[in-house]
1. Angle, helix 27-41 long axis vs. longest principal axis of the chain, Cα atoms, 0 to 90°, nearest 10?
2. Given an 8 Å cut-off on Cα distances and at least 6 residues of separation, report the relative contact order of the chain as a percent.
3. What is segment 206-293 by shape, rounded, prolate or oblate, if you read a ≥ b ≥ c off the alpha carbon gyration tensor as root eigenvalues and call it rounded for a/c under 1.5, prolate for a/b larger than b/c, and oblate otherwise?
4. Under the rule a/c < 1.5 gives rounded, and otherwise a/b versus b/c splits prolate from oblate, where does segment 137-249 land using the Cα gyration tensor?
5. Using a 10 Å cut-off around each Cβ, can you sort 225, 216 from fewest to most neighbouring Cβ atoms?
6. Hey, what angle do you get for helix 325-369 against the long axis of the chain, alpha-carbon based, 0 to 90 degrees rounded to 10?
7. Can you compute the modelled spin-label distance between residue 251 and residue 359, with each label point 7 Å from Cα toward Cβ, in nm?
8. State the extension gain, in nm to one decimal, for the chain segment bounded by residue 412 and residue 262, taking 0.36 nm per residue of separation less the distance between their alpha-carbons.
């Protein structure tokens with residue numbers, strides 16, 4: 001008995017014979033403790049595996065399963081984390097995941113909460129680039145038919161880039177050197193970092209909105225969108241879908257100038273024109289003006305040479321004329337012309353004096369004819385003549401009035417003889433119906449009709465008692 005008691009005293013079996021049995025945990029308590037331990041132990045892990053059953057929830061969260069050859073674990077990437085991932089995951093893609101392990105207590109399932117995700121093999125940026133490029137290409141946004149030519153002679157250029165970057169200073173340097181007449185409008189934006197793509201998209205849209213507020217002659221003719229060189233990560237903002245769609249929707253033709261000649265971005269594919277560098281974009285803008293200036297310079301030099309040649313020819317002709325005999329005789333000709341001019345002037349002075357004398361004599365004769373005595377005599381003769389004419393006019397007017405009076409009397413007598421009133425004076429009358437129509441036939445009235453009878457003096461109202469046709 002003592003021997004058995006000694007064996008039972010071992011701690012491992014003692015609890016079976018304790019008077020108080022240990023209190024069991026509920027499933028919820030157990031899962032809560034397990035979750036606490038798991039999240040503490042696996043708060044930051046890296047896991048590599050293959051994605052299966054990938055889906056995007058209406059909330060924007062990503063859900064998928066990560067598996068290898070012999071095991072799998074559920075994974076979730078919330079919307080607050082997946083917007084930073086450069087590509088869209090898909091089934092069958094081998095990825096490396098960083099996150100933490102948590103437990104969904106109601107079901108007791110372990111879950112990997114994903115913080116970052118990148119493909120194994122190809123880089124995440126390469127995968128994302130290809131996904132975006134393929135999507136936009138399927139929509140036809142890279143079609144050559146959509147690309148617009150640059151204006152022949154742009155006068156105002158918009159630049160979407162960093163105000164402190166080398167790209168903007170390169171563009172200003174080239175344009176100030178080769179196209180001094182071109183003005184520049186800077187639309188500043190960040191070109192690197194997580195929010196850079198969004199800022200570039202907004203800057204392109206603002207440039208178009210600003211353009212609509214300007215007169216046609218003041219509007220931006222072309223838009224340079226770009227930055228200087230850098231790593232693929234540095235240039236990624238120009239690969240974002242939002243930037244690509246803003247470039248395609250732009251009403252202003254867009255020149256993409258991102259990085260160096262070997263760098264290609266989505267913006268390069270979708271822009272109207274691609275420039276290898278920002279400086280090359282400025283050269284494109286300045287090319288037409290430089291060509292025009294060069295052409296004008298060449299024409300100016302040609303005109304100068306032609307003018308010099310013409311001056312030499314004229315100088316030679318002048319020298320030939322200077323030695324000609326004609327110039328030796330020219331002074332004599334001048335002297336002869338001088339004498340002729342003096343003779344003409346003397347004749348003009350003499351003729352002028354004679355003309356003045358004749359005019360004075362004519363004036364004296366006219367003055368004599370217009371003396372007061374002669375004018376008074378003439379005035380008396382004209383008064384008598386006008387009195388005689390007036391008397392004749394009065395006699396003719398009186399005779400005409402008498403004739404017209406006789407004619408008027410004759411016409412009045414004829415009119416009176418034709419008047420129906422004269423007929424009435426001879427005992428006749430005019431009978432009318434109530435509506436004023438004149439009755440000429442007994443058939444026009446019936447018994448009981450009211451009649452009006454007009455006499456020479458006065459009117460009568462009557463009623464038909466009977467009628468004979």
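1. Approximately 80 degrees, to the nearest 10.
2. Numbers: 594 pairs, mean separation 37.8, N = 469.
After rounding, I find 8 percent.
3. Numbers: a/c = 2.57, a/b = 1.26, b/c = 2.05.
Oblate, since a/c reaches 1.5 and b/c is not below a/b.
4. On the way: a/c = 1.66, a/b = 1.19, b/c = 1.40.
It is oblate, given that a/c is not under 1.5 and a/b is not larger than b/c.
5. Numbers: 225 29, 216 6.
So the residues, fewest neighbours to most, are 216, 225.
6. So the inclination is approximately 50 degrees.
7. Those two pseudo-labels are separated by 7.8 nm.
8. On the way: separation 150, 0.36 × 150 = 54.00 nm, distance 12.11 nm.
Gain on stretching residue 412 to residue 262: 41.9 nm.
The numbers here are math on the coordinates, done by the rules we state, and not lab data. For clarity, every value in this text was computed on a predicted model and none was experimentally measured. Note: ideal-geometry Cβ built from the backbone for every residue, glycine included; neighbour counts use all protein chains shown.
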